[in-house]
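The values are calculated or read from the model by the stated rules, or taken from the named source; none is laboratory data. Keep in mind that what you see is a predicted model, and the values were worked out from it rather than measured. When we count neighbours, we look across all protein chains shown, and the Cβ atoms used for this are built from the backbone with ideal geometry, even at glycine.
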Amino acid sequence: MTVQISDPPPSSAAVDAAVFRAENISVQFGGLKAISEVSLEVERHQVFGLIGPNGAGKTTLVNCLTGFQRPTAGKVTLAGADTTGWSPTRFRKAGIGRTFQAGRLFRDMTVLENVEVTAAALGLSRRQARLYAMEMLGWLGIAHDAERLCGGLPYTDERRVGIARALLLKPAFVLLDEPAAGMSDHECDTLMHLVREIPKVHGCGVLLIEHNMRVIMGLCDRIHVLDGGRTIADGPAREVQKDPTVIAAYLGAAA
Ligand SMILES: Nc1ncnc2c1ncn2[C@@H]1O[C@H](COP(=O)(O)OP(=O)(O)O)[C@@H](O)[C@H]1O
Ligand SMILES: [Mg+2]
């Protein structure tokens, strides 16, 4: 099922950037080097997979790509422009959307209200914001939860609301940090079917962090593998899958 989402409202953050890049990023937390000289490039039409064991540095890298963490060295560029010093708000306005591993929703507000406030921030009228938000909830398959309070939602539905909010801003790139964690195989497959459609339906590139290898290999155009903060592989899924270093460090252990 392919559902077309309305064109972005005129005041949205949509930008034309076709390439989003990390260039030689390192992040040091005191004595710990969380990321060491990592470079990657996400293209607008792609679903790009970022994988690696727990503690590999995936979330820290996403934080660097969204202004939540300043790299100790290296830089992030959007369509070639250096983003050094940009705040999370500036990244968001330039078309970079993200989700978080946990929550960050207004717990005392309903699902619809949580999504509506994001739509309202685009400068839409109350009525337009509600319609636009409902359309997004429908696309994600959670319209029936519109009137539920976010505080009472299962963890997995919270994640869907987070995705709705991120996509509503019509980003050029959206970064999804383990959106399917804790989901059943069926829930995960349903969500990943939607993730696959994001570049086409929403016109943005996707960076996806996900542990399930079956899902990652079936979905991603390109995969980047981190281990201990270092890149151990980057390439098309079918090549990375066969890489002996990846098999030894990660796939073998996860199988
Ligand atoms: N704010 C922080 N301060 C200190 N250490 C951190 C911080 N954030 C992450 N780390 C450490 O950096 C490493 C990478 O963490 P993270 O990026 O969360 O990995 P992943 O998302 O791949 O599981 C881990 O060793 C983690 O404990
Ligand atoms: Mg993480």
Query raised in the report: Is at least one residue of region 29-43 of a type in the set (Phe, Trp, Tyr), farther than 21 Å from Arg159 by Cβ and either in contact (Cβ under 8 Å) with a residue 60 or more places away in the chain or within 16 Å of ligand 1 (Cβ to nearest atom) (or both)?
Result: yes
Requested in this report: For residues that are in contact with an Asp or Glu (Cβ under 7 Å, 6 or more places away or on another chain) and part of a loop (DSSP other than H, G, I, E, B), tally how many sit in region 107-147.
Outcome: 1
Requested in this report: Check off (1) part of a helix (DSSP H, G or I); (2) at pLDDT 90 or above; (3) surrounded by fewer than 16 Cβ atoms within 10 Å (Cβ to Cβ) for Arg214 and give me the number that stays unchecked.
Outcome: (2)
Query raised in the report: Considering only region 72-101, how many residues are free of Cβ contacts under 8 Å to residues at least 40 places away in the same chain and part of a loop (DSSP other than H, G, I, E, B)?
Result: 5
Query raised in the report: In the set Ala119, Ala73, Ala81, which member is of a type in the set (Gly, Ala, Ser) and closer than 14 Å to Ala166 by Cα?
Result: Ala119
Query raised in the report: Do we have any residue at all in region 52-61 that's under 28 Å from Arg238 (Cα atoms), modelled with pLDDT of 95 or more, hydroxyl-bearing (Ser, Thr, Tyr) and away from ligand 1 (no atom under 15 Å from the Cβ)?
Result: no
Query raised in the report: Using beta carbons and a limit of 8 Å, which pairs, at least six apart or on different chains, have the first residue in region 185-205 and in contact (Cβ under 8 Å) with a residue 40 or more places away in the chain and the second one polar (S, T, N, Q) and surrounded by 15 or more Cβ atoms within 10 Å (Cβ to Cβ)?
Result: Pro199/Gln46; Gly205/Gln46
Query raised in the report: In this structure, is Ala56 hydrophobic (A, V, I, L, M, F, W, C) and exposed (fewer than 15 other Cβ atoms within 10 Å of the Cβ)?
Result: no
Query raised in the report: Out of the residues in region 32-67 that are assigned to a strand (DSSP E or B) and small (Gly, Ala, Ser), which is nearest to Arg21 (Cα to Cα)?
Result: Ser39
Report summary line: Across region 217-242, the tally of residues that are more than 15 Å from Ser39 (Cβ to Cβ) and not in a strand (DSSP E or B) stands at 12
